[in-house]
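The next block holds one structure in the form of structure tokens; read it before the comments.
All of the numbers you see were taken from the coordinates with simple rules; none came from a lab. Keep in mind the model is a prediction, meaning the values are calculated, not measured. Reconstructed Cβ throughout: ideal geometry from the backbone, glycine too, with neighbour counts over all protein chains shown.
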Amino acid sequence: MFPILLSFWSSIFFPLQSDPSFHIDPSSRLEIHGSSNVNEFICTCRQTFYKLPFQIVGGHQPGRTIWMFQNTQLRLQTQLFDCGNKVMNKDFYNALKSKTHPTMWIELETIDEVRQVNMSWTTFMTQTRITIAGTRRSVPIHARVRRVSSNQLQIQAEKALKMTDFGITPPTALMGMIKTNDEITIRLNLKVTIQE
């Protein structure tokens, strides 16, 4: 989703570039936070993101401050999330049905009230489609964005979701004594470099 936001901003900041690409810095973090009746857990994405070329397919609607997008999918491999130990990883992969649905998707649909981005944080309201375990939902996400340098942006966002909304049964352990709570939170802290 968030590399696509950069595609729009690059048209404002870097108008001479044609078909720019975006590289997500290795120091970036994408995590899924959750909890059970006994502890909290964090599953961190260990996926390497390669240079991603994107183009805006949609455009500004006349009389509105909403930008429309298509073909803006960020693919996340489920089995490249690390929850801290092998048992939790296995439960996480099984709950997200990774054998039949190995990929999660985040796709940007719209940005409301488009504004320029500078060195201070600016918040954007986005509408996204998230696909987990084969179930797709359209959800709003607030994204905070700031410029780190002339060609690098930092993007922070988080969104609370319910596993059951995606057809996922919260996992249990020890014959039901440990029960995972339904709500999880996706958190992103990305540094993205715009490249020609």
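A few notes on this one:
- Furthest towards positive pole of dipole, Leu153, Ser138, Phe166, structure part the range 130-186, Cβ charges: Leu153
- Residue order, fewest to most beta carbons within 10 Å, for Cys43, Cys83: Cys83, Cys43
- Within the shell of other residues whose beta carbon sits under 11 angstrom from the beta carbon of Pro26, the net charge comes to +2, with Lys and Arg scored +1 and Asp and Glu -1.
- Within the shell of other residues whose beta carbon sits under 13 angstrom from the beta carbon of Gln77, the net charge comes to +2, with Lys and Arg scored +1 and Asp and Glu -1.
- 27 Å tail of the calculated P(r), the range 71-196, as % of Cα pairs: 29 percent
- Chymotrypsin sites (Phe, Trp or Tyr not before Pro) restricted to DSSP loop in the range 100-171 with at most 16 other C-beta within 10 Å: Trp121
- Each other residue within a Cβ distance under 14 Å of Ile132 adds +1 if Lys or Arg and -1 if Asp or Glu, for a net charge of +3.
- Per residue, the average separation of C-alpha pairs within less than 8 Å and at least 6 apart gives the range 67-196 a relative contact order of 19 percent.
- Amide H contacts under 5 Å for Thr128, placed H, 5+ residues apart: Glu109, Val139, Ile141
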